[in-house]
Amino acid sequence: MDAVDRQLIQALRQNGRASYAELGRLVGLSGPSVTDRINRLEQAGVITGYRAIVAPASLGLGVTALIGLQLSDAADHEDVGERLRELDEVEDCWFIAGEDSYMLKVRVSDVDDLELAVRRLSRIEGVARTRTTVVLSTKWENRVGPVPGLDEE
């Protein structure tokens with residue numbers, strides 16, 4: 001990746017709906033050149049997708065929780081990860097180091113649904129313990145920081 005690729009990535013992270021012409025003006029390239037670069041970045045797996053960021057409450061998802069999972073000694077963490085993928089309320093899933101093996105971000109409509117989600121998680125083979133932290137308010141989310149190396153070239 002060169003500096004232009006990094007500039008394109010930064011611009012797309014800030015506005016994924018920017019047209020190729022807009023992106024071209026930002027980086028000093030033609031629309032077709034931008035198209036070629038973005039296609040190359042997608043094919044290389046650098047750009048992995050595009051999505052709309054929607055206010056969870058507008059979808060009726062008023063409760064956010066972070067849930068740590070501690071696995072049993074005999075657990076197959078890959079199998080547990082696949083089971084977690086099947087739960088719609090799990091928005092993000094990280095395999096982590098420390099006392100917990102997984103950290104999940106869960107969004108549900110209310111506390112009753114959170115209780116059901118925790119019960120489902122507890123029933124997954126290999127899950128020894130859950131630890132739930134309910135989010136009281138979100139100060140920011142989906143923050144877009146600078147692309148590393150952008151100012152270095």
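The values are calculated or read from the model by the stated rules, or taken from the named source; none is laboratory data. This is a predicted model, so every value here is computed, not measured. Virtual Cβ from ideal backbone geometry, glycine too; neighbours counted across all protein chains shown. Accessible surface areas use protein heavy atoms only, side chains included; no ligands, DNA or RNA. Shrake-Rupley method; radii C 1.70, N 1.55, O 1.52, S 1.80 Å.
Structural remarks
- Just the protein heavy atoms count here, and of the accessible area of the range 1-84 at 1.4 Å, carbon and sulfur take up 50 percent.
- Net charge of neighbours whose Cβ lies under 15 Å from the Cβ of residue 83, counting Lys and Arg as +1 and Asp and Glu as -1: -4
- Selection from 57, 109, 132 lying farthest towards where the dipole of the chain points positive, charges on Cβ: 57
- Cα-only Debye scattering, the range 9-62: base-10 log of I(q)/I(0) at q = 0.22, 0.28 Å⁻¹: -0.82, -1.15
- Cα centroid separation, the range 23-72 to the range 93-153 (Å): 18
- Radius ratio Rg over Rh of the chain, counting only Cα atoms, Kirkwood formula for Rh: 1.09
- Per residue, the accessible area of the range 79-153 comes to 70 Å² when a 1.4 Å probe rolls over the protein heavy atoms.
- Dipole magnitude for the chain: computed about the Cα centre from +1 point charges on Lys and Arg Cβ and -1 point charges on Asp and Glu Cβ, it is near 520 debye.
- Measuring r between the beta carbons of residue 132 and residue 2 and using R0 = 35 Å, the FRET efficiency lands at 0.20.
- Averaging 1/r over every pair of different alpha carbons in the range 46-112 and inverting the result gives a Kirkwood radius of 13.6 Å.
- Sequence-distant contacts, meaning Cα pairs under 8 Å at least 6 residues apart, place the relative contact order of the range 56-153 at 39 percent.
- Proximal charge balance of residue 13 [Cβ under 13 Å; K/R count +1, D/E count -1]: +3
- Charge context of residue 73, other residues only, Cβ under 15 angstrom, K/R +1, D/E -1: -4
- Solution diffusion estimate, µm²/s, Stokes-Einstein, the range 82-138, Kirkwood Rh from C-alpha pairs, 4 °C, viscosity 1.567 mPa s: 107
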